[in-house]
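Visitor: Can you keep this structure in mind? I'll have questions shortly.
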Amino acid sequence: QVQLVESGGALVQPGGSLRLSCTTYGVIFPSYNIGWYRQAPGNQRELVATVYLDGRATYADSVKGRFTMSRDNAKNTAYLQMNSLKSEDTAVYYCNRPGEQIWQWGQGTPVTVSS
């Protein structure tokens with residue numbers, strides 16, 4: 001059974017930074033591309049970053065240049081370093097496979113950017 005555990009969310013001021021973690025259980029982590037998604041109140045869930053098997057990452061335009069996604073295969077964990085945070089980054093952040101063949105969603109970790 002696949003389990004996704006996200007952590008690291010917090011209340012942060014605009015311009016601040018956070019690092020989110022996504023630890024996976026029950027999967028062969030190095031075999032999968034992993035994505036970070038977010039869902040703001042009233043909005044659909046959107047994919048903001050993907051890290052591929054080779055460690056290369058891609059980003060949505062809204063976070064490009066501010067967010068950096070990485071992975072540590074030895075720890076079965078993916079990370080999202082978020083810098084220069086804006087109020088519009090406020091959302092619950094989730095990790096999962098990118099694309100259609102997703103696993104069961106985890107509980108997510110809330111990020112609130114506010115002064």
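The values are calculated or read from the model by the stated rules, or taken from the named source; none is laboratory data. Please read all numbers here as calculations on a predicted model, not as lab measurements. Here Cβ is always computed from backbone atoms with ideal geometry, including for glycine, and neighbour counts include all displayed protein chains. Note: accessible area is taken over every heavy atom of the protein model, side chains too, but ligands, DNA and RNA are not part of it. Shrake-Rupley method; radii C 1.70, N 1.55, O 1.52, S 1.80 Å.
Visitor: In region 59-107, how many residues are part of a loop (DSSP other than H, G, I, E, B) and touching a helix residue (DSSP H, G or I) at 6+ places or on another chain (Cβ under 7 Å)?
Guide: Residues flagged as part of a loop (DSSP other than H, G, I, E, B) and touching a helix residue (DSSP H, G or I) at 6+ places or on another chain (Cβ under 7 Å) within region 59-107 amount to 1.
Visitor: Got a number for residues in region 84-115 being more than 20 Å from R71 (Cβ to Cβ) and of a type in the set (S, T, Y)?
Guide: Summing the residues that are more than 20 Å from R71 (Cβ to Cβ) and of a type in the set (S, T, Y) in region 84-115 gives 6.
Visitor: Looking only at residues in region 14-52 that are open to solvent by 50 Å² or more (accessible area, probe 1.4 Å) and part of a strand (DSSP E or B), which one is farthest from P98 (Cα to Cα)?
Guide: R19
Visitor: Go through (1) farther than 24 Å from P14 by Cα; (2) open to solvent by 70 Å² or more (accessible area, probe 1.4 Å); (3) assigned to a loop (DSSP other than H, G, I, E, B) one by one and return the number of the condition G55 breaks.
Guide: For G55, the exception is condition (2).
Visitor: Okay, next question. Within the set of pairs 6 or more residues apart or between chains, which connect a residue that is at positive phi inside region 3-32 to a residue that is loosely packed, with under 12 Cβ neighbours inside 10 Å with Cβ atoms less than 7 Å apart?
Guide: Matching pairs, first to second residue: G26/Q1.
Visitor: Considering only region 80-93, I want to know if a residue exists there that is modelled with pLDDT under 95, surrounded by fewer than 16 Cβ atoms within 10 Å (Cβ to Cβ) and in contact with a strand residue (DSSP E or B) (Cβ under 9 Å, 6 or more places away or on another chain).
Guide: Within region 80-93 (the criterion being modelled with pLDDT under 95, surrounded by fewer than 16 Cβ atoms within 10 Å (Cβ to Cβ) and in contact with a strand residue (DSSP E or B) (Cβ under 9 Å, 6 or more places away or on another chain)), the answer is no, since none of the residues qualifies.
Visitor: Pull out all pairs, ordered by first then second residue, where Cβ-Cβ is under 6 Å, the residues are six or more apart or on different chains, the first lies in region 87-108 and is of a type in the set (A, V, I, L, M, F, W, C), and the second is assigned to a strand (DSSP E or B) and surrounded by fewer than 17 Cβ atoms within 10 Å (Cβ to Cβ).
Guide: Listed by first residue and then by second, the contacts come to A91/Q39; V92/Q39; V92/P110.
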